[in-house]
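These notes concern the structure reproduced below.
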Amino acid sequence: MISASTDLEKSAKEAGADDFLEKPFDMDELLDKISFHLNAKTENSTL
């Protein structure tokens, strides 16, 4: 989840969000998080 509100992180994760970024976000951090979650999805799919 990407949000401009810093106080939504806890409720976002409680609602099922796997990750959270505050705006403005760093593009490298976003790409790292995307890569991490894609790799985790791939690993879980091959189990």
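Taking first residues from the stretch 23-47 that are small (Gly, Ala, Ser) and partners that are part of a helix (DSSP H, G or I), no Cβ contact under 7 Å between residues at least 6 apart in sequence or on separate chains turns up.
Condition check ((1) in a helix (DSSP H, G or I); (2) among the hydroxyl-bearing types (Ser, Thr, Tyr)) across all residues:
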position: Glu9; (1), (2): yes, no
position: Lys13; (1), (2): yes, no
position: Asp19; (1), (2): no, no
position: Asp28; (1), (2): yes, no
position: Leu31; (1), (2): yes, no
position: Phe36; (1), (2): yes, no
position: Thr42; (1), (2): yes, yes
position: Ser45; (1), (2): yes, yes
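Scanning the stretch 6-21 for residues that are under 10 Å from the mean Cα position of the chain (by Cα) and either surrounded by 14 or more Cβ atoms within 10 Å (Cβ to Cβ) or in contact (Cβ under 8 Å) with a residue 12 or more places away in the chain (or both) yields a total of 5.
Values quoted throughout were computed directly from the atomic coordinates according to the rules given, and no laboratory measurement underlies them. All values derive from a computational prediction rather than experimental measurement. Every residue, glycine as well, gets a Cβ built from its backbone with ideal geometry; the counts of neighbours run over all protein chains shown.
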